[in-house]
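The values are calculated or read from the model by the stated rules, or taken from the named source; none is laboratory data. Owing to the predicted nature of the structure, the values given are computational and were not obtained by experimental measurement. Please note: Cβ atoms are built from the backbone with ideal geometry, for glycine as well, and neighbour counts cover all protein chains shown.
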Amino acid sequence: MIFEYAKFPPPTRRAQFAITRILLGFVVIAVISTGFWYAAHRFYVLPRTSVEAYLRAIPGVRAVNTHLYDEDGPQVAVLDVVVVLDASTGRTVRLHRPDAEHLRNGQHILLDSIGTYSLAVDGPDGGRLGYVDVGRDSPLRDCVPFKFRDAAELISRYEEVSSLLGTLPPSGKYIGHDGSAYQIHVLKMDDGGVRRPSDTTAPTSRFSRP
């Protein structure tokens, strides 16, 4: 028994035009959706890309290692960033919660560590922070023995800053610009990355005293 398949007439020009419009509509929607996703993604990672672009442009910087976390907000948050000048000799600078604008204008520069030395501060509320704000708007700006125009200057003065930290005592109390008492700690990291009190024997501190 032979079956004959039904033969459908070719679509009219009007039907062809309608099909073409539908297909073009899908293409337009796909393009718009892709563009929206791309723009949203760029905005989401903007804090990271801005910080990395600024730091990578600094002369002498070999690499920038960024650690992120998601706060369930519109943008990703930068937890800290390690600026590598020479990995073989441990010449690195770690910055806490960097903000690209603050790094550029020097408003807030949260210095976690430089080389083998790291910083911590006990605030007036008794809590300890694992960094010291060395920016121009920091309450500790009159306590630290160095001033920086921006983060680029901090990184360019790596040798000077790390050498100076090696002359400071492990701990000292200071009065900040806001009138509160702070205790600043200079810690030296051992080969295992553990922070320990600095082994300096300097009898006096070059931090500003109360």
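Quick look at the values:
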| read-out | value |
| --- | --- |
| Identity of the residue in region 125-163, touching a helix residue (DSSP H, G or I) at 6+ places or on another chain (Cβ under 9 Å) and aromatic (Phe, Trp, Tyr), that ends up surrounded by the fewest Cβ atoms within 10 Å (Cβ to Cβ) | Phe146 |
| Residues of region 98-108 classified as part of a loop (DSSP other than H, G, I, E, B) and of a type in the set (Gly, Ala, Ser), total | 1 |
| All positions within region 49-69 that are touching a strand residue (DSSP E or B) at 6+ places or on another chain (Cβ under 7 Å) and either more than 18 Å from Arg149 (Cα to Cα) or part of a loop (DSSP other than H, G, I, E, B) (or both) | Glu52, Gly60, Val61, Arg62, Ala63, Val64, Asn65, Thr66, His67, Leu68, Tyr69 |
| Subset of region 115-139 (residues that are in contact with a Ser or Thr (Cβ under 8 Å, 6 or more places away or on another chain) and more than 11 Å from His96 (Cβ to Cβ)) | Gly115, Thr116, Tyr117, Gly123, Pro124, Pro139 |
| Scan of region 109-138 for residues that are under 14 Å from Lys173 (Cα atoms), touching a residue at least 24 places away in the same chain (Cβ under 8 Å) and outside any strand (DSSP E or B), ordered by number | Gly123, Pro124 |
| Identity of the residue in region 74-124, within 24 Å of Gln183 (Cα to Cα) and of a type in the set (Asp, Glu), that ends up surrounded by the fewest Cβ atoms within 10 Å (Cβ to Cβ) | Asp122 |
| Number of the exception - Arg149 against (1) touching a Ser or Thr at 6+ places or on another chain (Cβ under 8 Å); (2) over 25 Å from Gly172 (Cβ atoms); (3) in a loop (DSSP other than H, G, I, E, B) | (1) |
| Qualifying residue in region 87-96 (condition: more than 17 Å from the chain's Cα centre (by Cα), at pLDDT below 95, within 21 Å of Leu187 (Cα to Cα) and of a type outside the set (Gly, Ala, Ser)) | yes |
| Residue pairs meeting the criteria (Cβ under 8 Å; at least 6 apart or on separate chains; first closer than 13 Å to Leu55 by Cα, in region 75-91; second in a helix (DSSP H, G or I) and not β-branched (Val, Ile, Thr)) | Val81/Glu52; Val81/Leu55; Val83/Leu55; Leu85/Tyr158 |
| Matching residues, region 74-105, being in contact with a helix residue (DSSP H, G or I) (Cβ under 7 Å, 6 or more places away or on another chain) and at positive phi | none |
| Residue within region 45-53 that is of a type in the set (D, E, K, R) and more than 26 Å from Gly172 (Cβ to Cβ) present | yes |
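Listed here are the residues, each with its yes/no results for (1) within 26 Å of Arg62 (Cβ to Cβ); (2) among the β-branched types (Val, Ile, Thr); (3) in contact with a Lys or Arg (Cβ under 9 Å, 6 or more places away or on another chain).
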position: Arg94; (1), (2), (3): yes, no, no
position: Leu103; (1), (2), (3): yes, no, no
position: Ile109; (1), (2), (3): yes, yes, yes
position: Arg136; (1), (2), (3): no, no, yes
position: Pro145; (1), (2), (3): no, no, yes
